[in-house]
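First comes the structure, then the notes that go with it.
What follows draws every value from the coordinates through simple rules; no lab data is involved. Predicted model only: the values in this text are computed from it and were never measured. Don't worry about glycine lacking a Cβ; one is built from the backbone with ideal geometry, like all the others, and counts go over all protein chains shown.
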Amino acid sequence: MLLGGIAISHLLAGGVGCFLLNPTWRRIVLVTSIAMVPATLFSLQQIRDAWYLRHEAVYDRFRDNLVTPIPASVSDLHFIPLSEGHETHLMFQFTIAPEDLDRIIRSRQFVKIDRTQFRRPDDLFIHAEYLPVAEPATFYILNDIAAGYPDKGIGEGYTLKASADRRHVIFRRESASYYLYRYWESDVERASERQFLVSLGHTEANKTVQRTGASRSAQETNPTSSAAGSRR
C-alpha cells in the first residue's frame, strides 16, 4: 500500500512538474512535497504507534485484564521486556497499595497458591531468581475457562506475583492454547528455558562476585579500619 501511494504521488509530482518547467524554489518545494506525501503520512503513523506502545498500551492492558479504572495508587506501570521475562506472554509490573491489590484479587477472584501449585509443574515462577521481588513472594492465579476451551476445562491463565510487602506486583497472562497444546514441552522450548535459567544463575553469581570483590577491595585499601572493626 505504501509503495502504491509512493508511485502515485511520484507520477502526480511528475505531471505537475511538466507544467512548471521554469524551476523556482516554490515550484521545487511544491513538487517535492507532493512526492513525499505518502512517506510523510506513513512516518507519522509509525511515530504515533510507537508512542502508543511505549506510553499508553500498558495502561489499556491493565484495564483489560485487571480492573478499570486504574487505582490511584498504581505507579511505575510498564511492560516486562522479553530479555527479562523470556516468555512471549503478556507481562507487566507495577507498584500498588496493598489494599488496592486486595480489591483486585477479590473482584477478579484470584486464588492464592504456592510454588508447588502452578498449572505447569516446571513454571518459571517456581524459581526465585526469575523476575525477583522481595521474598517471600505470594502468588495468585486465575483460570478463566470462559475465555478459553470450556469443554476441556482450559482457560486463559492469569498470574500475579506479589512482593513480601505486597506493593510490587508482576502480572502475566498466558493463552489457553498454550496449555491446550502444551507448547513448553517441545525440545526447542525446553532447551531455551534451560539456557535462560542458567544465564540467570550466572548473573546472580556475577553479582555475588562483584559484591565480594568490592568488599575485599575496601578491606585491602583500609586495613586499619578492618582491624579496628575486628577488635570491636
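List of remarks:
- Surface/4 estimate of mean projected area, convex hull on alpha-carbon atoms of region 64-184, nm²: 7.3 nm²
- Net charge contributed by nearby residues that have their C-beta within less than 12 Å of Ala97 (K/R +1, D/E -1): -1
- Relative contact order (%) - criterion: Cα under 8 Å, at least six apart; region: region 65-121: 33 percent
- Computed over neighbours whose Cβ is under 12 Å from that of Phe118, the net charge equals +1, Lys and Arg +1, Asp and Glu -1.
- Other residues with beta-carbon under 14 Å from the beta-carbon of Glu185 carry, at +1 per Lys or Arg and -1 per Asp or Glu, a net charge of 0.
- At 1.567 mPa s and 4 °C, Stokes diffusion of region 128-181 via Kirkwood alpha-carbon radius, µm² per second: 108 µm²/s
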